[in-house]
Structure formats: structure tokens, C-alpha cells
Amino acid sequence: MKIVFQDPTFSLQLLRTIGETYYKGADIGECLSTAYRIKEGDFESWHTEWLKTANRVHKYADESLAAGHKISAREAYLRASNYYRVAEFLLIDPEDPRIENTWGKNKECFSKASGLFSPSFEPVEIPYEGTALPGYFYKVDNDNSKSPRPTLIAHGGFDSTLEELYTSAAAPALERGYNCLTFEGPGQGGVIRKQKIPFRYDWEKVVTPVVDYALTKPKDVDPKRLALMGISMGGYLAARAAAFEHRIAACILYNGVFDGYDAFASSFPKSLLTPIENGNTEVVNTVLDILSESDPNIRFNMKHGMWTSGVNTPFELIQKSKNYTIKDIAQNIKCPTLVLEAEKDDSFPGQPKKVFDALTCPKKYVLFTTEEGAEEHCQCGAPALSNQRIFDWLDDTIMKNIS
């Protein structure tokens, strides 16, 4: 599926943004008018035009709030927050001062929007190895007299943000009667930007403190009905966590990732695989630097990956990806697990089915197709269908016998 752009990175990120209209995180006309101003494949043009749109919608929000129009303000702050996220997305130099400014406005707008919901979204800090992970706790209602609710714990993957998890996880969860706890871990969002903590493959060391935190809310969280969902590369991270953290009652791999190195290798020309396997660092780095100049997707993945993984070269990043595998631990996952796959996903092609085949727990596999309009990575552009299948399965798995 191509929208406006022929470049697959630009097209997918536009589709990803438009998809957030489903929960008022974007508006179609604003997205398309911005896209038509962007020069194909030009990261600077992408930033400039999305920033213009974000600033304009931010102004709408401030004006509506000042005039007492709280719903209009809330909706405009949500859209502005998302547009700032998109504007910052392709700023791939971690030292670029525009990152902190644009990312900061994304958070500022979301915070203002969150306070205009009822109940408002609760920003939380989750204790983690001498520091804290940022998160939000979303409640269906303010009535603490009711029984604790099933709760969805959700995190992203390679490039998502805490605020984006509202539209991709919290909003559909709240509609269906689930409370939701979202968070950023090492390598993600503010944890890499502010705390400089890179990704780690042993994600159970991240999720276990998050579960511990969730269980400090006994009036809100049913400890027997905790679900974990990981999105994109989070499909590996959540699977890894579920293999060791057995307080999770159900796991959603959105989408499944079996082996990080295999996923990397599938996107490289075959001629590059031999020097990788032979450890020819110079050749690998040189070739990937050349490919990055002409391929925006490789350029983004290499630059963003090195930064968030705490390495200095493409070769180091590739070697580190070998730790990100569930090859030897899939059988340790005991809880019911839902594995999603998109038919034309070029980020982790074929990986979800490998995950499904390796699982020995109760499991379900769902393939989203081109005919359904849901074939792109993580079903971008098809949130209605995606949420239908995720939450119908979750209802059937852990919501049974709720009075």
C-alpha cells in the first residue's frame, strides 16, 4: 500500500499517522496536506513540514483552551502531540538539538490533553534499577468501589513513544473495560533520550518491575488478569518477558518476532551476508554506509538502531541483534499467546509464523491480509480490524466469568 510517497519508509509512516485518526490522534486532511508538501525521501523536508502542521494545531489547542472549549482543546492537543512525534521521527542524529525540542512539545501537548479526559490519565514513574521508567495509568472510571479490573500492560518496540501508546493500546482497552498501564523501557522514548539507557534483550528484567508496580494498585488491577502486549519489535520483547514473568495471564505479540538477526539478514543483499558471517567489519560498515545514502529505510534503521542500542557501528548493531531471539526459550512461555502477522510486513517478514510454530502454550495465529487493507507492518492503517481481533481474543481468554 502506497500513500502519496513511493518511498516505503515515508509511505508507511504517513499511513501510521493517518491510522491514528481512529482515536482522534490525527486528521486525514491535515496529514495529506502535510505529506504533499514533503519532498520524497528528504528527511529535512519531512521534519520541516510536519513541524509546521504541529505548531499550527498546537495553536488551535491553546486558543480553544483559553476560550473554555475543552473538548476542542483536548482533540487538538492530541493531534499536535502526534504531529510533533512524526516531525521528530526522522531526526536521526542523536545530538540534533531539534530532537529534544520537538519531543518535548509532543509530551507537553499530550500531558495537556490527558488532563482534559475524565478520568484524566495518570502519569506514573515505575521503579527500575535505581531510576524510574515513565508511564501512564489509564482507568476506565473513577469508581474505586467496583472490583479491580483486568489490566493491559503495553509497550512499544524499536521507535514508538509513550504517548503513541494511547491510540494503539490504551484507547481500545478502555472502551472494552480494561484498565491500561503503558510504559517506555530502555532504548525507548525518554529512557534513551533523557536517561541514556539503551535497549536490553533480557526484557523480563524490565517487565517484572512493571508488573510489581501494577500490583501496587490492588483497587484497580486484578492480579489474576494481567495481559502484556508488545508492539512491533516489542513482539520480541514481550515474548522474552513472558518466558520468565509468569504472572502474565495472556500475551499479545503485535507482531511476533522470532529472531532479530534473521530479521536483519532478510533485508540485506545476499552479497553482504558472507562478510557479516566472516566478521569482516570494514566491508560490512562500508557497504551499509553506502546503502544508507540511497535507502531511507536502511539509513533510519542503522542510525536509530545504533543510538538506541548503545553501539557505534552497523556491524556492532548486527552482532548485538543476535541476542534478540526466542529460539531457545519459546517453550518457556506458559500463558495463552496471540501472534499477529501482516501479509506484506517488510520489517519482520515471516517471523510471526516462526514464533507461533515454536510456542507450546495455548496459542492463536492471525494473518492480516491485503484484501482487508491490513497488510502493512503492525496493520498500520487498520486499527478497527486489528483491535477487534486482539480484544475479542483477550475477552475470550481472560475476561470470562466477569460479573
Within region 22-48, restricting to residues that are more than 30 Å from GLU293 (Cβ to Cβ) and among the hydrophobic types (A, V, I, L, M, F, W, C), the one that is surrounded by the fewest Cβ atoms within 10 Å (Cβ to Cβ) is ILE28
One residue from GLU343, GLU376 being open to solvent by 70 Å² or more (accessible area, probe 1.4 Å), under 19 Å from GLY234 (Cα atoms) and of a type in the set (D, E, K, R): GLU343
Any residue at all in region 162-181 that is part of a loop (DSSP other than H, G, I, E, B), modelled with pLDDT of 95 or more, within 24 Å of SER386 (Cβ to Cβ) and among the hydroxyl-bearing types (Ser, Thr, Tyr)? yes
Hey, ALA214 buried (at least 22 other Cβ atoms within 10 Å of the Cβ), modelled with pLDDT of 95 or more, in contact with a Cys (Cβ under 7 Å, 6 or more places away or on another chain) and more than 27 Å from ASP27 (Cβ to Cβ) or not: no
Are there any pairs, at least 6 apart or on different chains, whose C-beta atoms fall under 9 Å, with the first in region 202-220 and under 15 Å from LEU133 (Cα atoms) and the second of a type in the set (A, V, I, L, M) and assigned to a loop (DSSP other than H, G, I, E, B), and if so, which? GLU204/ALA243; VAL207/ILE248; VAL211/ILE248
Would you mind finding the one in MET302, MET306 that is in contact with a Pro (Cβ under 6 Å, 6 or more places away or on another chain) and either buried (at least 19 other Cβ atoms within 10 Å of the Cβ) or of a type outside the set (A, V, I, L, M) (or both)? MET302
Could you grab the pairs with beta carbons closer than 7 Å, sequence gap of 6+ or different chains, first residue in region 1-29 and part of a helix (DSSP H, G or I) and β-branched (Val, Ile, Thr), second one modelled with pLDDT under 95 and open to solvent by less than 20 Å² (accessible area, probe 1.4 Å)? THR9/PRO296; THR9/PHE300
Per the filter on region 68-80, residues in contact (Cβ under 8 Å) with a residue 24 or more places away in the chain, of a type in the set (A, V, I, L, M) and crowded, with 21+ Cβ neighbours inside 10 Å are ALA73, LEU78, ALA80
Tell me whether region 364-372 contains one or more residues that are open to solvent by 50 Å² or more (accessible area, probe 1.4 Å), assigned to a strand (DSSP E or B), of a type in the set (A, V, I, L, M, F, W, C) and under 30 Å from ARG225 (Cβ atoms). yes
In region 312-340, residue farthest from the chain's Cα centre (by Cα) [restricted to those that are under 20 Å from LEU272 (Cβ atoms) and open to solvent by less than 20 Å² (accessible area, probe 1.4 Å)]: PRO314
For region 49-67, give me the residue count where each residue is open to solvent by less than 70 Å² (accessible area, probe 1.4 Å), over 22 Å from TRP103 (Cα atoms) and hydrophobic (A, V, I, L, M, F, W, C). 1
Select from region 182-211 the residues that are of a type in the set (D, E, K, R) and outside any loop (DSSP other than H, G, I, E, B) and write down the one among them that is nearest to LEU394 (Cα to Cα). GLU204
Residue that is farthest from the chain's Cα centre (by Cα), among those in region 106-124 that are over 12 Å from TYR138 (Cα atoms) and open to solvent by less than 50 Å² (accessible area, probe 1.4 Å): LEU116
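The values are calculated or read from the model by the stated rules, or taken from the named source; none is laboratory data. No experiment lies behind these values; they were computed from the predicted model shown. Glycine gets a Cβ as well: all are built from the backbone with ideal geometry, and neighbour counts include every protein chain shown. Note: accessible area is taken over every heavy atom of the protein model, side chains too, but ligands, DNA and RNA are not part of it. Shrake-Rupley method; radii C 1.70, N 1.55, O 1.52, S 1.80 Å.
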